[in-house]
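S.K.: Take this structure, written in structure tokens, and hold onto it; I'll ask about it next.
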Amino acid sequence: MHEENKAAANGCTKIRRGAQNGAALLALMEKTGYSMVQQNGQRKFGGPPPGWEGPPPPRGCEVFVGKIPRDMYEDELVPVFERAGKIYELRLMMEFSGKFIGVCVSLDNCRLFIGAIPKDKKKEEILNEMKKVTEGVVDVIVYPNATDKTKNRGFAFVEYESHRAAAMARRRLIPGTFQPWGHTIQVDWADPEKVVDEETMQRVKVLYVRNLMISTTEDKIKAEFNKFKPGVVERVKKLRDYAFVHFFHREDAVAAMSVMNGKCIDGASIEVTLAKPVNKESSWKQHFNGQISPSSENLLGFPNKEDGTQKSVGKPASLSIRLNGQHSPGPPEVERSTYPIFPGIKLTPISMYSLKLSHFSSAVMHLDYFCHKNSWAPPEYCLYSTTSQDGKVLLVYKVLISSIADDSQSYFMPEKLCTTVEDAKELAAQFTLLHL
């Protein structure tokens, strides 16, 4: 009887708290005039507020607030946030009870990464599938396979009309119940494109050329871009199926972009855009989102002078994004901290592949994560050694990357030797990631 009375008392307490919360929310709506709607696991307060005229606030006006206690509602949150300015809209989802809240600028991302797509599917097929189960689809971006242009790369980006539409689509797709063409797809936020100010872009004289054939040489690219006006190309740097074409003068770069975009080189229809510059002093820190230490940079042995350009297209939320400078620079090393495990803390078993790249500090882990994201076999490391003139044993790893989907294989081996196994493996992983 004692336990039954206790349970009844707890039930009454919850009902009483619910009634109090409901009354507080009603009082808040009467006071502010804002409406409140609950939909798809989140409650929207405002959007727009009373008397609002004109379009919604532009991108960049939203912040994300995490780790809000579960027993805190709009009646307590709104007065806090109103100290910073007039609220257009507040969308509430509760979690992480009992911790400090975290506030950061919202990315206002409108693009999702969809992985594990059958490689024979065309853009229209993927677009139609996404429209069947999600709302607000604006476009689908699909990249051709590097070696077979009739196939896609096994992933696509879906662009939505708003961040909210993208968030709702992600929420609906993530459980894995949607299986287009009988395949279980991977869903994640696409990393946002790097934003470069207009003044900086006005000085760019380098073109980014994508969708090239693997066999196309730098000399062939230079010759093709020199056709419309001989002698305007300074140099060409090709990496796999894309390249950077450097011009002596900006006006020639702009003219060449207009002329060459959509042209065929060795049978491939190329896409040409202005390359987005990077911070030369921190570019290698950007490659791993600020996670390469100075010692790692020395291992790679990259020269101080860089090409000064990066790709400007959207990429999946995978390591290739970070290697292409799509994030702002971070600290030279990952911040590592320890936290006490208090009694009663719930620990949940998870897979490392459910984490984000920011949780990994080594290139070896990045490469493993990257291969998993692309549905490839885990990387294989083959160790080789030689002896230096002074008798030291020097080591280098060769890395094998195998694609499960098309049985293709690629080998990668850096041109530098190391004195420890750990350094050799880290160097090999970094070198491989650079060339994927």
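The values are calculated or read from the model by the stated rules, or taken from the named source; none is laboratory data. Computed from a predicted structure; not experimentally measured. Here the Cβ positions follow ideal geometry from the backbone for every residue, glycine too, while neighbour counts run over all protein chains shown. When the accessible area is computed, the model is the full protein with side chains, heavy atoms only, and any ligands, DNA or RNA have been set aside. Shrake-Rupley method; radii C 1.70, N 1.55, O 1.52, S 1.80 Å.
S.K.: With r as the distance between the Cβ atoms of Val393 and His435 and R0 = 22 Å, compute the FRET efficiency 1/(1 + (r/R0)^6) and round to 0.05.
M.R.: It comes out at approximately 0.25.
S.K.: For Leu239, what accessible area in Å² do you get when you roll a 1.4 Å probe over the heavy atoms of the protein chains, rounding to the nearest 10?
M.R.: Rounded to the nearest 10, that gives 50 Å².
S.K.: Which whole-Hz couplings ³J(HN,Hα) result when phi for each residue of the stretch 371-384 is put into the Karplus expression 6.51 cos²θ - 1.76 cosθ + 1.60, θ = phi - 60°, listed in order with x for Gly and Pro?
M.R.: 5, 5, 4, 9, 6, 9, 5, x, x, 10, 10, 10, 8, 10
S.K.: Quick check: pseudo-label points 7 Å beyond the Cα along Cα→Cβ at Val138 and Thr150, how many nm apart are they?
M.R.: A separation of 3.4 nm, rounded to one decimal place.
S.K.: If amide H atoms are built 1.01 Å from N in the plane of the peptide, which residues on other chains or at least 5 residues away come under 5 Å of the amide H of Ile265?
M.R.: Under 5 Å from the amide H of Ile265 lie the amide H atoms of Ile270, each far enough along the sequence or on another chain.
S.K.: If I model a spin label as a point 7 Å beyond the Cα along the Cα-Cβ vector, how far apart are those points for Met213 and Glu199 in nm?
M.R.: About 4.5 nm, to one decimal.
S.K.: Also, I was wondering about something else. How much of the accessible area of the stretch 111-189, in percent, comes from carbon and sulfur atoms when a 1.4 Å probe is used?
M.R.: Result for the stretch 111-189: 46 percent of the exposed heavy-atom area is carbon or sulfur.
S.K.: So if R0 is 51 Å, what FRET efficiency would Thr273 and Leu347 give, r being the distance between their Cβ atoms, rounded to the nearest 0.05?
M.R.: 0.65
S.K.: When ligands, DNA and RNA are left out and all protein chains stay put, how many square angstrom of accessible area per residue does the stretch 106-185 have with a 1.4 Å probe?
M.R.: Ligands and nucleic acids excluded, the result is 47 Å² per residue.
S.K.: Under a Cβ-Cβ cut-off of 14 Å, what is the net charge of the residues other than Glu89 that fall near it, where Lys and Arg count +1 and Asp and Glu count -1?
M.R.: +2
S.K.: Right, here's the next one. Taking the stretch 199-274, how much of its Cα-Cα pair set, in percent, is spaced more than 19 angstrom apart?
M.R.: 24 percent
S.K.: Given the pairs Lys205/Lys227; Lys205/Lys229; Lys121/Lys227; Lys222/Lys416; Lys119/Lys425; Lys44/Lys119, which are separated by over 27 angstrom at their Cα positions?
M.R.: Beyond 27 Å: Lys121/Lys227; Lys222/Lys416; Lys119/Lys425; Lys44/Lys119.
S.K.: So what's the net charge close to Gln179: Lys and Arg +1, Asp and Glu -1, counting the other residues with Cβ under 14 Å from its Cβ?
M.R.: That works out to +2.
S.K.: Label-point separation (nm) for Glu234 and Cys61, each offset 7 Å from Cα along Cα-to-Cβ?
M.R.: Distance between label points: 4.1 nm.
S.K.: What FRET efficiency would be calculated for the residue pair Ala24, His249, taking the C-beta separation as r and a Förster radius of 45 Å, to the nearest 0.05?
M.R.: 0.10
S.K.: With no solvent and one point on each alpha carbon, what is the Debye value of log10 I(q)/I(0) for the stretch 111-189 at q = 0.16, 0.23, 0.26 Å⁻¹?
M.R.: Summing over Cα pairs of the stretch 111-189 leads to -0.52, -1.05, -1.32.
S.K.: What does the extension gain come out to for Gln38 and Tyr384, with contour length at 0.36 nm per residue minus their alpha carbon separation?
M.R.: This chain segment gains 118.5 nm when fully extended.
S.K.: Probe 1.4 Å, all protein chains in place: accessible area of His366 in Å², nearest 10?
M.R.: Spelled out: His366, probe radius 1.4 Å, area about 0 Å².
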